1. Quick check: anything in the range 79-102 in a loop (DSSP other than H, G, I, E, B), within 19 Å of the chain's Cα centre (by Cα) and not acidic (D, E)?
2. Could you tell me whether any residue of the range 56-68 is open to solvent by 60 Å² or more (accessible area, probe 1.4 Å) and either touching a residue at least 40 places away in the same chain (Cβ under 8 Å) or outside any loop (DSSP other than H, G, I, E, B) (or both)?
3. What single numbered condition from (1) under 25 Å from M328 (Cα atoms); (2) away from the ligand (no atom under 16 Å from the Cβ); (3) surrounded by fewer than 23 Cβ atoms within 10 Å (Cβ to Cβ) fails to hold for A237?
4. Within the range 109-134, which residues are assigned to a helix (DSSP H, G or I) and in contact (Cβ under 8 Å) with a residue 24 or more places away in the chain?
5. Are there any pairs, at least 6 apart or on different chains, whose C-beta atoms fall under 8 Å, with the first in the range 285-306 and closer than 22 Å to Y22 by Cβ and modelled with pLDDT under 90 and the second within 12 Å of the ligand (Cβ to nearest atom) and in a loop (DSSP other than H, G, I, E, B), and if so, which?
6. Report, by residue number, each residue of the range 333-342 that is exposed (fewer than 15 other Cβ atoms within 10 Å of the Cβ) and either not acidic (D, E) or not in a loop (DSSP other than H, G, I, E, B) (or both).
7. Out of curiosity, is Q176 of a type outside the set (V, I, T), in contact with a Pro (Cβ under 7 Å, 6 or more places away or on another chain) and either farther than 18 Å from R104 by Cα or modelled with pLDDT under 90 (or both)?
8. Within the range 313-331, which residues are part of a helix (DSSP H, G or I) and closer than 15 Å to Y265 by Cα?
Amino acid sequence: MMAPLDQARWPVLEVSGLCVDYGRGAGATHAVIDVDLVLHRGEVIGLAGESGSGKSTLAYGMTRLLRPPGRITAGKVLFRPDPSQPVSSLDLLDLGIEELRQLRWREISIVFQSAMAALNPVLNVEAQLADTLAAHRPEMSRRARRDRAVELLGLVGISADRLRSFPHELSGGMRQRVMIAMALALQPQIVIMDEPTTALDVVTQREILQKVIELRDTLGFSVLFITHDLSLLLELADTIAVMYAGRIVEHAAAGQLLTAPRHPYSLGLLRSFPSLHGPRRELTGIPGSPPNLQSLPTGCAFHPRCGYAMRQCSADVPRLAPPPGSPMRLVACWLQDGRQDRPDELARPDELARPEDAAGSRLASAAAPAASDREVAL
Ligand code: SF4
């Protein structure tokens, strides 16, 4: 008899070998290079990295939302909607325009950074929610759409008397909540959030993130959360994928990344902001600037900024692989290939990730599994 499927570990989206360029030929910018990533049912993956590291391009490439001159040059993006059908999967990169349109919002939705730009300024909240429902569920009656709009607003903590409000009549936090309500309207399996709280004050930001985690716990969707703010991801995400120059350079459970980073760039990011909850950190930042993606440094693209660079680093690109003694995380660094003496700060034991450091534990409900219990899919 087949073992029962572990729905919580079901890989709902599998990205492999994804490459995205802007432009063509010798002048092309390689914005995403050979990315592999697995998003499980109910998981929150945080995508971290400085501006221009490829985070948003990766998310838009995966969902075919890239605008020209962005184009996917290689890879697969398998969406596995049904855990009861182990062989069923769709490659999003092979779908036609109409199939994609059906899939968006129903299965994969997105919350953009600027709700003011994403919402229609001349439609009230009810009309915007009803439009989304009408486009994908034409069989719904007007009354049913209104009831669903009220229900969706309630989910994100907005009272029904706001249905008649226009976007400019709402606070920034409320507009972002409306965007989240719209993203959840059709009960998608995956919600992509692209810097959804960046423009908000810290208190509102925290309230919204708390709400996202509550809804994830209740509804079971998966989240790909993009932000340059690593400290925010350490509070929110189950696992964090750190990007640099178009590649994922480390992917680990958030608690592990916080207390035991393996990649010098992750360590540099952690040393760029003060710790609110974890151990005290020396604030040193990262020297230099991100590279020009049109002429990347040879070998490891981080080598001109890396204080640990060796001869090999400028010659060969390190592969994303589990480092010694840490089979459940991935890192792309020659220091971690098992042949080098690693500095103490990049070789801390994984067990140093304490329960209180676990991602999501400060925001998630007690029912959610601790991130330190999870691992990165290999
Ligand atoms: Fe630094 Fe070399 Fe590791 Fe790149 S591969 S992060 S240059 S030590």
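1. yes
2. no
3. Evaluating A237 over (1) under 25 Å from M328 (Cα atoms); (2) away from the ligand (no atom under 16 Å from the Cβ); (3) surrounded by fewer than 23 Cβ atoms within 10 Å (Cβ to Cβ) leaves (3) as the failure.
4. Hits for the range 109-134 are A115, M116, A118, V125, E126, Q128, L129, T132, L133.
5. If the second residue must be within 12 Å of the ligand (Cβ to nearest atom) and in a loop (DSSP other than H, G, I, E, B), the pairs left are L293/A245.
6. G338, R339
7. Yes, satisfied.
8. If the condition is that a residue be part of a helix (DSSP H, G or I) and closer than 15 Å to Y265 by Cα, then C313 is the only one that fits.
The values are calculated or read from the model by the stated rules, or taken from the named source; none is laboratory data. Everything numeric in this text was worked out from a predicted model, so none of it was measured. FYI the Cβ positions are ideal-geometry reconstructions off the backbone, even for glycines, and counts take in every protein chain you see. Calculation scope for accessible area: heavy atoms of the full protein, side chains included, ligands and nucleic acids excluded. Shrake-Rupley method; radii C 1.70, N 1.55, O 1.52, S 1.80 Å.
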